[in-house]
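Working notes for the structure below.
The values are calculated or read from the model by the stated rules, or taken from the named source; none is laboratory data. Bear in mind that the values here come from a model prediction, so they are computed numbers and not experimental data. For neighbour counting, all protein chains shown are included, and Cβ atoms are generated from backbone atoms with ideal geometry for every residue, glycine included. Heavy atoms of the whole protein, side chains included, go into the accessibility calculation; ligands, DNA and RNA do not. Shrake-Rupley method; radii C 1.70, N 1.55, O 1.52, S 1.80 Å.
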Amino acid sequence: MLSSRESKRNLIRALIILIALISGIQLATFSGRAMNIYQPPLESFDQNVNYIQGTKTEKELTQLMKNRHFIGTVTLVKNNHLVYQQGFGYANQTQGLMNSGKVTYQIASIQKSMTAVLLMKTAAEKHFSLDTPVSKFYPQIQGANLITLRNLLTMTSGIADQRSIKKPANDRQFLQYTVNKVKINPQMIGQLHYQPVNFVLLAGIIQRENQMSYYKYFEQNIIKPLGLRYSYFYQNMNKYRAVQAQGYHFNPQKPTAYVPFKEKRAGYDEQLGTGNLYMSNGDLYQTLRAFMTSSILTPRQTAALYSPGKTRSTYLSGVYSIRQTVPQLLGQQYSGYHFHGTEFGFDTIGDISKNGADAVIFTSNAANYGANNNYSLDIPIYKQLIDDSQIF
């Protein structure tokens, strides 16, 4: 017999499920703010789990990991539940640290998705829009009046390649260097041309409008509100050595050779707003899910942020539209976003559904760039995970 307390708990669970089904597991809003129906506990991402044993998804994943000689951590989430997480190989061979859910990796360009959210939040608070001309913030850049903030967010600004600064610099020095060197090609405006400098300029706007460093604003609006425990910038690397992965060169003939990738300080300095952040898989998922479910922005702001506008770009504020870029995933059930970041021997790649309930994340610290830098690693598993009726 169930106790009265247990009966009440079961009744509450049933009511929550019923409400979710009726609403299509959409957001409940109050005064323009979003309220999440379910938020997976961060603690669950600390450990290795496997709740997909014997499924087609596990078999396909196991074979893929073997073929790639994969080193890193793999995380699968379905219907808001962590169903699989395993670490493969060493995070740091010298220290004897194995890859796991607690290990942190450089997420590289995926950080741009977070800069985009912070820019949108700043725009709402300081009363400007994504259609505001860039010249409002950088009048000294020739041609800045021809492009908008949305052009920067969608990599359609026409900004040409920029040379590395090649020496250590603080944020003010690097931003000034960037503004002085950046050039806009009017003939390229409106065309997708991937250049990280777009997000350096956005980070500069965030700093100027909020009168604080990009890093402090990030901490106040992402790390602290979401309760992230394994997220930090390069300035704080020494505090997290116990959970920090070392990037390694990958050699297909010697996949476990573990030759360290040497990094220079200037390489971090020039990644302002674009790729100098470390995160665990759990923190990364929680952050992206918060973006998808409008936990930081309002639903209207979220919709505006992930709209290509007049640019028609497939690159949307740090992520790529799955339905626009992956022909084999045109079904509504696969609607979501693809994300990818690679640098210094690290390679993170994955996908998340539009409602944040389903996700696959592959983080590698011995990146086989030729193999990982395409959709063949994550997309088959993302599709299989959603299609697999044996999992929830």
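Residue-wise test of (1) over 25 Å from residue 100 (Cβ atoms); (2) among the aliphatic types (A, V, I, L, M); (3) open to solvent by 10 Å² or more (accessible area, probe 1.4 Å).
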{"position": "320", "(1), (2), (3)": "yes, no, yes"}
{"position": "326", "(1), (2), (3)": "yes, yes, no"}
{"position": "352", "(1), (2), (3)": "no, yes, no"}
{"position": "358", "(1), (2), (3)": "no, no, yes"}
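One line per residue, one yes/no per condition, for (1) crowded, with 17+ Cβ neighbours inside 10 Å; (2) of a type in the set (A, V, I, L, M, F, W, C); (3) touching a helix residue (DSSP H, G or I) at 6+ places or on another chain (Cβ under 6 Å); (4) under 19 Å from residue 342 (Cβ atoms):
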{"site": "62", "(1), (2), (3), (4)": "no, no, no, no"}
{"site": "67", "(1), (2), (3), (4)": "no, no, no, no"}
{"site": "70", "(1), (2), (3), (4)": "yes, yes, no, yes"}
{"site": "79", "(1), (2), (3), (4)": "no, no, no, no"}
{"site": "98", "(1), (2), (3), (4)": "no, yes, no, no"}
{"site": "104", "(1), (2), (3), (4)": "yes, no, yes, yes"}
{"site": "111", "(1), (2), (3), (4)": "yes, no, no, yes"}
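Of all residues in region 303-315, those being under 16 Å from residue 288 (Cα atoms) and without any contact (Cβ under 8 Å) to a residue 12 or more places away in the chain number 1.
Kindly provide the set of residues from region 124-168 that are of a type in the set (Gly, Ala, Ser), open to solvent by less than 10 Å² (accessible area, probe 1.4 Å) and outside any helix (DSSP H, G or I), ordered by number. Break it down stepwise before answering.
So the first thing to find is which residues in region 124-168 are of a type in the set (Gly, Ala, Ser), and the list is 124, 129, 135, 143-144, 157-158, 160, 164.
Retained after the next criterion (residues that are open to solvent by less than 10 Å² (accessible area, probe 1.4 Å)): 144, 157-158.
Answer for region 124-168, where residues must be of a type in the set (Gly, Ala, Ser), open to solvent by less than 10 Å² (accessible area, probe 1.4 Å) and outside any helix (DSSP H, G or I): 157, 158.
So that you can scan it fast, the table gives a plain yes or no per residue for (1) under 16 Å from residue 278 (Cβ atoms); (2) small (Gly, Ala, Ser):
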| residue | (1), (2) |
| --- | --- |
| 48 | no, no |
| 71 | no, no |
| 90 | no, no |
| 100 | yes, yes |
| 104 | yes, no |
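If the condition is being at pLDDT 90 or above and of a type in the set (S, T, N, Q), then region 334-375 contributes 335, 342, 348, 353, 355, 363, 364, 365. Only a single criterion out of (1) of a type in the set (Gly, Ala, Ser); (2) touching a residue at least 60 places away in the same chain (Cβ under 8 Å); (3) not in a strand (DSSP E or B) is not satisfied by residue 91, namely (3).
Taking region 249-362 and the helices (runs of 4 or more DSSP H) fully enclosed by it, the elements with 1 or more residues that are farther than 30 Å from residue 177 by Cβ and over 15 Å from the mean Cα position of the chain (by Cα) are at 299-305, 322-325. One residue stands out among those in region 223-239 that are buried (at least 17 other Cβ atoms within 10 Å of the Cβ) and touching a strand residue (DSSP E or B) at 6+ places or on another chain (Cβ under 8 Å): the one that is farthest from residue 287 (Cα to Cα), which is 234.
Only a single item in (1) open to solvent by less than 10 Å² (accessible area, probe 1.4 Å); (2) modelled with pLDDT under 95; (3) touching a strand residue (DSSP E or B) at 6+ places or on another chain (Cβ under 6 Å); (4) not hydrophobic (A, V, I, L, M, F, W, C) is not met by residue 269, and it is number (3).
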